[in-house]
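What follows is a set of notes on a single structure, which appears directly below.
The values are calculated or read from the model by the stated rules, or taken from the named source; none is laboratory data. None of these values were measured; they are calculated from a predicted model. Cβ coordinates were reconstructed from backbone atoms using ideal geometry, including for glycine residues, and neighbour counts include every protein chain displayed. What goes into the accessible areas is simple: the full protein's heavy atoms, side chains included, and nothing from ligands, DNA or RNA. Shrake-Rupley method; radii C 1.70, N 1.55, O 1.52, S 1.80 Å.
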Amino acid sequence: MREILIVKTSSMGDVIQYLPAVTDMHARVPDLAIDWVVEAPFAPLVRLHPGVRRVIPVALRSWRKRLLAPATWSAFGEFRRSLREVRYERVIDAQGLLKSAVLARMSGAPVAGYMPDSAREPIATRLYADKYRVSWQMHAVERNRRLTAAIFDYRLDLPLDYGIVAPAPGEDAWRPAEPYAVLLTATSRDEKLWPEPNWIELGRALNRRGLNCVLPAGSEVERARAQRIAAELPHALVAPPMPLDALATLLERAQCVVGVDTGLSHLAAALKVPVVALYLATEPGANGVAGGRNAVNLGGKGQKPSVAQVLQTLAPWVA
């Protein structure tokens, strides 16, 4: 087997957007064994792809907070030893950042990545042995696929396929009553939030269509927001905290998903669940959800999608 390493550490959406490239590689270069360096919280997502042999977690975010702690340097040393366990033929820096390029070089293998005018941080390309130009005028998923096709010199004529399937729910797993819709109300910045009254109006409309509403939430602030919205709906539940692979199962069994600009919206698209993504502070063109007809982006910078628009978009999937 030809052994290669992918470096794509974060964020959740960026990690998900590289999964189709793994599917492409396995279809076009079947003798590859693929390992992947990713931030530890997102490791469960990468493990959902059967084409990834080994996941190597990294904890750059937490290490930066405790840079001088002995435990940090011990964990860093263990990570570096993990990279050196395999003599890779090549490393793909799919992130195009200086930090990802440094991690890639630590493997000791030649690094392939973007040309300076195609990378997010051009200085990172100084650490690459091979560089490829990929236009910015395309979606991030397509950029990832084009880069990987160029590296391995195959024709990219395959349908979009993230290649993942959520695990079956465990016997003791939390399960909402079906059928249900998942409402992803939380995101990283307040300007990306959809107003709470809109969520309540949408949830009531979905209730009238026979759907329960499930609201995942992470932080205390997100959970308080979800609880306020759920309290105004006759058939709604705030999901308990759960790992990402369990969240994937929750999403995959949903009738539909409506979410703001968040990684879980991308995960729904990857799982082929009908998803409507709402954009208020950013443009979805290059980084919106991508999943064929099942994935629809509404809004954009300075825009606010209406509840009527969302319901009209959901009409093919919600009676």
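Scoring residue 200 on the criteria (1) surrounded by 17 or more Cβ atoms within 10 Å (Cβ to Cβ); (2) in contact with a strand residue (DSSP E or B) (Cβ under 9 Å, 6 or more places away or on another chain) leaves a single failure, condition (2). Flag set for residue 75, criterion: in a helix (DSSP H, G or I), open to solvent by 30 Å² or more (accessible area, probe 1.4 Å), over 24 Å from residue 115 (Cβ atoms) and of a type outside the set (D, E, K, R).
Just one of the listed residues (179, 159) is at pLDDT 95 or above and under 21 Å from residue 230 (Cα atoms), and it is 179. Scanning segment 268-287 for residues that are in contact with a helix residue (DSSP H, G or I) (Cβ under 9 Å, 6 or more places away or on another chain), under 19 Å from residue 310 (Cα atoms) and not small (Gly, Ala, Ser) yields 272, 273, 274, 275, 276, 278, 279, 280, 282.
Of all residues in segment 151-172, those that are surrounded by 12 or more Cβ atoms within 10 Å (Cβ to Cβ) and more than 23 Å from the chain's Cα centre (by Cα) total 2.
None of 116, 122 is free of Cβ contacts under 8 Å to residues at least 12 places away in the same chain and either farther than 26 Å from residue 263 by Cβ or open to solvent by 20 Å² or more (accessible area, probe 1.4 Å) (or both) except 122. Among the residues of segment 279-291, is there at least one that is more than 20 Å from residue 196 (Cβ to Cβ), open to solvent by less than 60 Å² (accessible area, probe 1.4 Å), outside any helix (DSSP H, G or I) and of a type in the set (Phe, Trp, Tyr)? No, the conditions are met nowhere in segment 279-291.
Contact annotation: residue pairs with Cβ atoms under 8 Å, 6 or more positions apart or on different chains, pairing a residue in segment 34-50 that is open to solvent by 20 Å² or more (accessible area, probe 1.4 Å) with a partner that is part of a strand (DSSP E or B), are 40/57; 40/58; 47/55. Residues that are among the small types (Gly, Ala, Ser) and either in a loop (DSSP other than H, G, I, E, B) or open to solvent by 60 Å² or more (accessible area, probe 1.4 Å) (or both) within segment 203-214 comprise just one, 210.
Just for segment 292-319: of the residues that are among the small types (Gly, Ala, Ser) and part of a loop (DSSP other than H, G, I, E, B), which one is most open to solvent (accessible area, probe 1.4 Å)? Steps first, answer last, please.
So the first thing to find is which residues in segment 292-319 are among the small types (Gly, Ala, Ser), and the list is 292, 295, 299-300, 302, 306, 308, 315, 319.
Pick out the ones that are also part of a loop (DSSP other than H, G, I, E, B) and you get 300, 302, 306, 315, 319.
On the way: 300: 0, 302: 77, 306: 47, 315: 58, 319: 113 Å².
Filtering first and then ranking leaves 319.
Of all residues in segment 269-319, exactly one satisfies the criterion of being of a type in the set (Phe, Trp, Tyr) and farther than 22 Å from residue 211 by Cβ, namely 279.
Residues in segment 258-293 that are among the hydrophobic types (A, V, I, L, M, F, W, C) and over 15 Å from the mean Cα position of the chain (by Cα): 258, 276, 278, 280, 281.
In segment 119-139 there is no residue matching the filter, namely being assigned to a helix (DSSP H, G or I) and within 20 Å of the chain's Cα centre (by Cα). Residues of segment 159-189 that are within 18 Å of residue 271 (Cβ to Cβ), in a loop (DSSP other than H, G, I, E, B) and in contact with a Ser or Thr (Cβ under 8 Å, 6 or more places away or on another chain): 161, 162, 163, 166, 167, 168, 169, 173.
Every residue in segment 152-170 that is hydroxyl-bearing (Ser, Thr, Tyr) and over 25 Å from residue 273 (Cα atoms), please.
Initial filter on segment 152-170 (hydroxyl-bearing (Ser, Thr, Tyr)): 154, 162.
Listed by number, the list holds a single entry, 154.
If we keep just the residues of segment 86-106 that are open to solvent by 10 Å² or more (accessible area, probe 1.4 Å) and not aliphatic (A, V, I, L, M), which is farthest from the chain's Cα centre (by Cα)? Across segment 86-106, the extreme among qualifying residues is 87. Filtering segment 201-215 for residues that are touching a residue at least 12 places away in the same chain (Cβ under 8 Å) and either closer than 20 Å to residue 14 by Cα or in contact with a Ser or Thr (Cβ under 9 Å, 6 or more places away or on another chain) (or both) leaves a non-empty set. Residue count for segment 219-257 satisfying the condition of being among the β-branched types (Val, Ile, Thr), in a helix (DSSP H, G or I) and more than 16 Å from the chain's Cα centre (by Cα): 2.
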